[in-house]
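Reviewing the structure listed below.
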Amino acid sequence: MSETNTNPQKPEVTLESIKTDFPAVAAALMIEGAENERARIQAVRAQGLAGHEALIESLMFDGKTTGADAAMLVLAAEKQNRAKGLNSLVAGSDKPFQEPSTDAEAFAGAEEEGATVEETAKLKWDKSKELRAEYGGDFDSYLSLCIARDKGLVRVQGGKK
């Protein structure tokens, strides 16, 4: 507060004069300011949303953004992310559907006469890089499907007969 004092009857009030002449008031103001800043930071942090951690971090310590301001900024960023995702999805929608590699014709000759479901599944698994990729390298998941399909419990839709 370094404004020029235009009234000679009143002494100029500065931060230093308050600290010197009224230390209790200065301490109370500092405590209140710290509490207000802590509450502001907590309000901004409360607006956090997965994927927007860096934004929230920057807003928490800018010294001015309120919780409501942070909520609006996170919402705007989320809308932008969703629009990008939708555009990406729409842009890729012209790609043709690829049938799953579990189709029986894709493994013609993979079954051996008299082999168990487990043996046949293992043989197909070992021969097909695409099959391993489709199941994320999880043979047990693929085997479960083969067993359920063999028992007639499931049917793969869209597969060739």
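Rule-based calculations on the coordinates, nothing more; no lab input. Because the structure is predicted, anything quoted here is derived from the model rather than measured. Backbone-built Cβ (ideal geometry, glycine too); neighbour counts: all protein chains shown.
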Mean separation of Cα contacts under 8 Å (at least 6 apart) over the residue count of the stretch 15-91, i.e. the relative contact order in percent, is 25
Two pseudo-spin positions, 7 Å from Cα along C-beta at Ile31 and at Glu12, lie apart in nanometres by 3.1
